[in-house]
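One structure is given below, encoded as structure tokens.
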Amino acid sequence: MALAQTVYAATRQFPKEEMFGLTSQLRRSAVSIPSNIAEGQGRGSDKSFALFLTQAQGSLYELETQIELARNLRMMSAEQAAQILTEASEIGRMIHGLLRALRKSPPPA
């Protein structure tokens, strides 16, 4: 959720003509990450949780790509992009760890 809040704050400065373009894409990708994690956890099975974690991972990769594009287009500073990418990388490691743990857990008896 903190990453999504950071992305919302960063995109406030984007040009108004990007409201339905890159601004919207970045925000949707950022919101999709915790939303998929929450939905998967709420499904009650490791298999469903793993599926939603992979969807969250995909949204995270989308976000990273879009951040790089925004930086290259000079819509955000290199420092701001680096901060978001660092946060995203840490979340990626957490998702990867959760997936690994879920795939190793024995099925319920």
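Bear in mind that the values in this text are calculations on the coordinates, not laboratory data. This is a predicted model, so every value here is computed, not measured. Cβ: placed from backbone, ideal geometry, glycine included. Neighbour counts: every protein chain shown.
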Inset, instruction - Assess whether GLU39 counts as being within 30 Å of ALA101 (Cα to Cα), of a type in the set (Asp, Glu) and in a helix (DSSP H, G or I). - result: yes
Inset, instruction - Run down ALA38, ALA82, ALA70 and say which single residue is crowded, with 17+ Cβ neighbours inside 10 Å and among the aliphatic types (A, V, I, L, M). - result: ALA70
Inset, instruction - Quickly run through segment 48-68 and pick out the residues that are free of Cβ contacts under 8 Å to residues at least 40 places away in the same chain, over 13 Å from ILE95 (Cβ atoms) and among the polar types (S, T, N, Q). - result: SER48, THR65
Inset, instruction - Kindly list the number of the only condition in (1) in a helix (DSSP H, G or I); (2) surrounded by 14 or more Cβ atoms within 10 Å (Cβ to Cβ); (3) touching a residue at least 24 places away in the same chain (Cβ under 8 Å); (4) more than 15 Å from the chain's Cα centre (by Cα) that fails for GLY92. - result: (4)
Legend entry - Residue check, THR23 in a helix (DSSP H, G or I) and either in contact (Cβ under 8 Å) with a residue 60 or more places away in the chain or of a type in the set (Phe, Trp, Tyr) (or both): no
Legend entry - Residue satisfying condition, being under 21 Å from ARG28 (Cα atoms) and surrounded by 14 or more Cβ atoms within 10 Å (Cβ to Cβ), within set LEU102, LEU98, LEU53: LEU53
Legend entry - Output for segment 1-35, where each listed residue is closer than 14 Å to ILE84 by Cβ, surrounded by fewer than 17 Cβ atoms within 10 Å (Cβ to Cβ) and among the polar types (S, T, N, Q): GLN5, THR6, GLN13
